[in-house]
Amino acid sequence: MASCSGTVLAIFALLLNIVLLSQARATPATPKSSSSICPTAVFTFADSLSDGGNRDIEAGGGKTLSGRYPYGITYGKPTGRYCDGLVIPDLLLQKLRLDNLGTPSLKYNGTEFESLNFGYAGATVIKVENQPYSSPHVLSAQVDDFVRHQEFVEGRYGRQASKPWYENALYSVEIGGDDINFGLPLGGGYVINVTIPAVIQGLADGIQKLYAHGARHVVLYNMPRADCSPNYLQSFQQYPAGTFHYDKDGCIVEIAQIISYFNTNIQRLTEELTQKYQGLTVYYFDWFAANTYVLENMKEFGFTNSLQSCCGGGGKFNCDGEGLCGCAPLNQTNAVYTVCKDPSKYFTFDGIHYTEHFYEIMSEYIMAGEYITPKVKLEMGCKVVTVPESPL
């Protein structure tokens, strides 16, 4: 949930090296997974693209933008999600018949084994200073929250009884994009030499701890096409012509190259972790490639607008910085904005975060094992059914 205003153009000086480095791929790991898995639960560690409402709950409920109209307009009411409706974790839970709606971890106060979303809008892998959009609930803190949840369940059902529940769950790790977004104003050298290595190490540490607590199936998302987001596109209008470039889809080439370099490092990490830890498979979800395919074939998916925000304050990309939703300063609830008639026709709802329709397509890819390496399909029907705790 980052704003890119003031992005330093020095990032572009390193782009040639980035392109060259990104082509130095690691040897693919030998897949250790079967062709399908049937998750007992889905545990989510994430930023605003998958936040199930924790940031809004933490603020008191209905006090952040995501807790107010027009967020949730497709769902029928605001739910704390930065979307017009549901996000990927919710959609996966429904398709897997595990739950109707993802449960934010802050709503959990029990001892039952269930799917939980530990994500927070503005969350990063590494701690970020002096950034009002960021959240203190970095990846390591989210993993610690998961461990506490596990301890409650083990305390009731026992470690041995609950062990297979956790070993057969799906661990969804979608975080790191805001580390890049927040780092760009500090320059390309900072992002390449400081941010990305720290994020990769933080992801490795987080997944290692999850593994130590039973995780055996981890899906690690790369960063999607933020170079096409209305927020970036509008922000870059302040720079002189020729200082950045557009690709054939109207997205910012230089931002895409930064993201591609980051994603190459993420994919290499998935291969290294899969090789390092016995019984662990870290699946790489190439969100960037899936996003690109839908972007270049958007009419087939019912989209009519890929570069404008559904909700925003006007301008070429309906994201001129004066609107509500993702185009405005954090929690600026009195801004003037308009909302499109049909969010499903748009890629992004608020200039940064996607629409439910976009997330629906991505969740279908994940279920089918498309854009997943090693390829694996998700099967439904393995929810753990326990006897609810009797009231005193």
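Residues checked against (1) open to solvent by 40 Å² or more (accessible area, probe 1.4 Å); (2) at pLDDT 95 or above; (3) out of contact with any helix residue (DSSP H, G or I) (no Cβ under 9 Å at 6 or more places or on another chain); (4) assigned to a loop (DSSP other than H, G, I, E, B):
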residue	(1), (2), (3), (4)
50	no, yes, no, yes
63	yes, no, no, yes
66	no, no, no, no
75	yes, yes, no, yes
84	no, yes, no, yes
98	no, yes, no, yes
101	yes, no, no, yes
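Select from the stretch 239-258 the residues that are part of a helix (DSSP H, G or I) and either open to solvent by less than 20 Å² (accessible area, probe 1.4 Å) or free of Cβ contacts under 8 Å to residues at least 24 places away in the same chain (or both) and write down the one among them that is nearest to residue 277 (Cα to Cα). Give the derivation first.
Of all residues in the stretch 239-258, those part of a helix (DSSP H, G or I) come to 253-258.
Filter again for either open to solvent by less than 20 Å² (accessible area, probe 1.4 Å) or free of Cβ contacts under 8 Å to residues at least 24 places away in the same chain (or both), leaving 254-256, 258.
Numbers: 254: 35, 255: 33, 256: 32, 258: 29 Å.
So, considering only residues that are part of a helix (DSSP H, G or I) and either open to solvent by less than 20 Å² (accessible area, probe 1.4 Å) or free of Cβ contacts under 8 Å to residues at least 24 places away in the same chain (or both), the one nearest to residue 277 (Cα to Cα) is 258.
May I ask you to verify whether residue 93 is open to solvent by 50 Å² or more (accessible area, probe 1.4 Å) and in a helix (DSSP H, G or I)? Before you say what the answer is, go through the steps one by one.
On the way: open to solvent by 50 Å² or more (accessible area, probe 1.4 Å): no; in a helix (DSSP H, G or I): yes.
No; evaluated as a whole, the condition is false for this residue.
Name the single residue that is nearest to the chain's Cα centre (by Cα) among those in the stretch 115-155 being of a type in the set (S, T, N, Q) and under 18 Å from residue 186 (Cβ atoms). Spell out how you get there, then give the answer.
Going through the stretch 115-155, the residues of a type in the set (S, T, N, Q) turn out to be 115, 117, 124, 130-131, 134-135, 140, 142, 150.
Narrowing further to those that are under 18 Å from residue 186 (Cβ atoms): 124, 130-131, 134.
Details: 124: 10, 130: 22, 131: 19, 134: 14 Å.
The selected residue is 124.
With the structure loaded, tell me whether residue 171 is surrounded by fewer than 23 Cβ atoms within 10 Å (Cβ to Cβ) and among the aromatic types (Phe, Trp, Tyr) or whether it fails that test. Show your work before the answer.
Working: surrounded by fewer than 23 Cβ atoms within 10 Å (Cβ to Cβ): no; among the aromatic types (Phe, Trp, Tyr): yes.
Spelling it out, it is not the case that residue 171 is surrounded by fewer than 23 Cβ atoms within 10 Å (Cβ to Cβ) and among the aromatic types (Phe, Trp, Tyr).
Determine, yes or no, whether residue 25 is part of a loop (DSSP other than H, G, I, E, B), within 21 Å of residue 221 (Cβ to Cβ) and modelled with pLDDT under 95. Talk me through it step by step, then tell me what you get.
Working: part of a loop (DSSP other than H, G, I, E, B): yes; within 21 Å of residue 221 (Cβ to Cβ): yes; modelled with pLDDT under 95: yes.
Spelling it out, residue 25 is indeed part of a loop (DSSP other than H, G, I, E, B), within 21 Å of residue 221 (Cβ to Cβ) and modelled with pLDDT under 95.
Would you mind stating whether residue 74 is over 27 Å from residue 279 (Cβ atoms) and of a type in the set (Val, Ile, Thr)? Let's see the steps before the verdict.
Details: over 27 Å from residue 279 (Cβ atoms): yes; of a type in the set (Val, Ile, Thr): yes.
When the stated conditions are applied, residue 74 passes them.
This table checks each residue for (1) modelled with pLDDT of 95 or more; (2) surrounded by 22 or more Cβ atoms within 10 Å (Cβ to Cβ); (3) on the phi > 0 side of the Ramachandran plot; (4) of a type in the set (S, T, N, Q).
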position	(1), (2), (3), (4)
315	no, no, yes, no
321	no, no, yes, no
324	no, yes, no, no
345	yes, no, no, no
358	yes, yes, no, no
369	yes, no, yes, no
373	yes, no, no, yes
381	no, no, yes, no
386	no, no, no, yes
> Considering the stretch 138-154 alone, what residues qualify as being touching an Asp or Glu at 6+ places or on another chain (Cβ under 9 Å), within 24 Å of residue 201 (Cβ to Cβ) and not small (Gly, Ala, Ser)?
Replying inline: 139, 143
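Residues are listed down the side, and each one gets a yes or a no for (1) within 30 Å of residue 281 (Cα to Cα); (2) hydrophobic (A, V, I, L, M, F, W, C); (3) out of contact with any Pro (no Cβ under 8 Å at 6 or more places or on another chain); (4) without any contact (Cβ under 8 Å) to a residue 60 or more places away in the chain:
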{"residue": "195", "(1), (2), (3), (4)": "yes, no, yes, no"}
{"residue": "204", "(1), (2), (3), (4)": "yes, yes, yes, no"}
{"residue": "210", "(1), (2), (3), (4)": "yes, yes, yes, no"}
{"residue": "214", "(1), (2), (3), (4)": "yes, no, yes, no"}
{"residue": "223", "(1), (2), (3), (4)": "yes, yes, yes, no"}
{"residue": "228", "(1), (2), (3), (4)": "no, yes, yes, no"}
{"residue": "233", "(1), (2), (3), (4)": "no, yes, yes, no"}
>> I'd like to know if the stretch 186-196 contains one or more residues that are at positive phi, open to solvent by less than 10 Å² (accessible area, probe 1.4 Å) and outside any helix (DSSP H, G or I).
In response: yes
> When residues of the stretch 144-163 are filtered for being under 24 Å from residue 381 (Cβ atoms) and either in a strand (DSSP E or B) or free of Cβ contacts under 8 Å to residues at least 12 places away in the same chain (or both), how many remain?
Replying inline: 2
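The values are calculated or read from the model by the stated rules, or taken from the named source; none is laboratory data. This is a predicted model, so every value here is computed, not measured. Cβ coordinates were reconstructed from backbone atoms using ideal geometry, including for glycine residues, and neighbour counts include every protein chain displayed. These accessible areas exclude ligands, DNA and RNA; they are computed on the full protein's heavy atoms, side chains included. Shrake-Rupley method; radii C 1.70, N 1.55, O 1.52, S 1.80 Å.
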